[in-house]
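Any read-out appearing in this document is the output of simple, stated calculations on the displayed coordinates, not a laboratory observation. Because the structure is predicted, anything quoted here is derived from the model rather than measured. All Cβ positions, glycine included, derive from the backbone under ideal geometry; neighbour counts span all protein chains shown.
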Number of protein chains: 2
Amino acid sequence: MARKAFPLSKVYGLLEPGPVVMVTTARDGRRNIMTMSWHTMMEFEPPLVGCVISDRNYSFGLLKATNECVINIPTVEIAEKVVGCGNTSGSNIDKFETFGFTAKRAAEVRPPLIEECFANLECRVVDTTMVAKYCLFVVEVVKAWIDPAVKKPRTIHHLGTGNFMVAGEKIKLKSKMK
Amino acid sequence: MARKAFPLSKVYGLLEPGPVVMVTTARDGRRNIMTMSWHTMMEFEPPLVGCVISDRNYSFGLLKATNECVINIPTVEIAEKVVGCGNTSGSNIDKFETFGFTAKRAAEVRPPLIEECFANLECRVVDTTMVAKYCLFVVEVVKAWIDPAVKKPRTIHHLGTGNFMVAGEKIKLKSKMK
């Protein structure tokens, strides 16, 4: 895939619609993938994202220790693998191997990009104030990548207990909003 | 509309997919509607939601003073009005009148429900620790309503600058996830 750098000022448009994402982390030769739906934009630029990562997840410890992650945005074509990553724990398997994902070196952080995702956001943790109480990490996107060949990414959006909505048609309305 | 109480334990399934929502607030006979995309679930039950509401918005002051709001979830049928609420400020208009929305009394809080939305979440602010730095309010959903006639709500999801994705098909995958 010919991955292209994506302007940080436009990152909010990737996360605002609420796609299920896969968060990659790495430490001491271990790497992991976590499926996540609980995230929100918090600032446009530099892009800040609030991510709720439960302390019951293997990724929690990796993120807390390294302060780095990549937010990878998948589409419906790989939905089963995305759910597979949500059903398993990185404490006893390498999810890249188990699910056949390709790890690609990131530019600014140590965790790898997932090649099979159409967008990848390299992130650094910038605020841990709310981690103890809510497992909420505030991360800054420091580098963003996109596959320019994917014009209408059919992202998936969790509705609970394995039900997902797939991104449908696009509409354009007159808006003064960013 | 025959509005039905909705279990608090299932509220996460309404907000996880990332719909554009309309937040209603009220104080001293003034009421307002704010269009919002920056929100995330933070806890299943009681349902906690993180909401980023900029201090440049009229709603910020109302929410800060009263600690109550309703999160109303619209569908594509009223998309133009939703964007209209985003393009205007409640400091000089009553958006219910301007856009022809029907205000309905809530059960637990003072701000009104928007009748034209298929789901309404009555909320109380429970944590303001991150308001000064990030305009992030943590709210608890204390009462939830849904229109049971709406089986496949075509929610709208902001992609930036007036572009929206409309909720498409549903798929079901084998998931251990809540």
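Side notes on the structure shown:
- Residues in segment A:152-178 that a label on B:I171 would reach, taking backbone N under 11 Å of a point 7 Å out along Cα→Cβ: A:154-157, A:164-167
- Karplus (6.51, -1.76, 1.60) ³J(HN,Hα), θ = phi - 60°, over segment A:85-102, in Hz, Gly and Pro reported as x: 5, x, 8, 10, 10, x, 5, 10, 9, 9, 5, 4, 5, 4, 9, x, 8, 9
- Pairwise label distance in nanometres, B:K152 with B:D28, each label 7 Å out on the Cα-Cβ vector: 4.8
- Sorted from shortest to longest, the distances between the B:R30 label points of this copy and the other copies are 5.3 nm, with each point 7 Å from Cα along the line through the beta carbon.
- Max mean-square fluctuation residue, GNM over chain A, Cα-Cα springs under 10 Å, options A:E116, A:E77, A:E97: A:E97
- Net +/- balance of residues flanking B:E115 in space, Cβ distance below 15 Å, scoring K and R +1, D and E -1: +2
- Chain A comes nearest to the axis taking it onto chain B at the Cβ of one residue; that residue and its distance, in whole Å, are A:G18, 1.
- Shown for B:S54: label points 7 Å from Cα along the beta-carbon vector, and their distances to the equivalent points in the other copies, 3.4 nm in ascending order.
- Full extension of the chain between B:S54 and B:N67 gives 3.2 nm of extra length, using 0.36 nm per residue less the Cα-Cα distance.
- Charge tally for A:E43 (other residues, Cβ to Cβ under 12 Å; Lys, Arg +1; Asp, Glu -1): -1.
- Ranked A:C85, B:C135, criterion: other C-beta atoms within 10 Å, fewest first: B:C135, A:C85
- Between this copy and the others, label points of B:V126 are 2.8 nm apart in ascending order, each placed 7 angstrom from Cα in the Cβ direction.
- Using θ = phi - 60° in the Karplus curve 6.51 cos²θ - 1.76 cosθ + 1.60, the 3J(HN,Hα) couplings for segment B:141-147 round to 7, 9, 7, 10, 10, 9, 8 Hz; x is entered for Gly and Pro.
- When each of A:K143/B:K10; A:K64/B:K143; A:K81/B:K172; A:K64/A:K95; A:K143/A:K174 is checked by Cα-Cα distance, pairs over 24 Å: A:K143/B:K10; A:K64/B:K143; A:K143/A:K174
- Residues A:K104 and B:A132, FRET efficiency given R0 of 51 Å [Cβ-Cβ distance, rounded to 0.05]: 0.85
- Net charge, B:D94 excluded, C-beta distance under 11 Å - Lys, Arg +1, Asp, Glu -1: +2
- GNM flexibility winner over chain A from A:R124, A:R56, A:R31 (Cα, springs under 10 Å): A:R56
- 3J(HN,Hα) couplings calculated from phi for segment A:113-129 with the Karplus curve 6.51 cos²θ - 1.76 cosθ + 1.60 (θ = phi - 60°) are, in sequence order, 6, 9, 4, 6, 9, 7, 9, 9, 10, 7, 10, 10, 5, 10, 8, 10, 3 Hz; Gly and Pro show x.
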